[in-house]
Ligand code: SF4
Ligand code: SF4
């Protein structure tokens, strides 16, 4: 059974470096160009949360600890 997950993004800590987006195997991460955060950067968003497989690659790659991954099986 494939793991399912959900990520929590502390958007106001994101510096919009775009690093994490390149490591998501299901390609559901992108920068939200419609807004800026408290730091003045374009923050990360999830395009399709239901596809997250809780691999944690994004959280491991983020240099600022912006992303928390929750894993659950169903
Ligand atoms: S935990 Fe994995 S699948 Fe989920 S958003 Fe992060 S990189 Fe993508
Ligand atoms: S790696 Fe971290 S700081 Fe960079 S865009 Fe992703 S969440 Fe934001």
Inset, instruction - Starting from residues that are touching a helix residue (DSSP H, G or I) at 6+ places or on another chain (Cβ under 8 Å) and within 10 Å of ligand 2 (Cβ to nearest atom), keep the ones in region 61-74 and report whichever is farthest from residue 10 (Cα to Cα). - result: 61
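Considering 58, 24, 52, which residue is buried (at least 17 other Cβ atoms within 10 Å of the Cβ), within 13 Å of residue 5 (Cβ to Cβ), away from ligand 2 (no atom under 13 Å from the Cβ) and modelled with pLDDT of 95 or more? Outline the logic, then answer.
Values: 58 fails: away from ligand 2 (no atom under 13 Å from the Cβ); 24 fails: away from ligand 2 (no atom under 13 Å from the Cβ).
Within the list 58, 24, 52, the selection yields 52.
The values are calculated or read from the model by the stated rules, or taken from the named source; none is laboratory data. Everything numeric here is computed off the predicted structure, so don't read it as measured data. Glycine also receives a Cβ, built like all others from the backbone with ideal geometry; neighbour counts cover every protein chain displayed.
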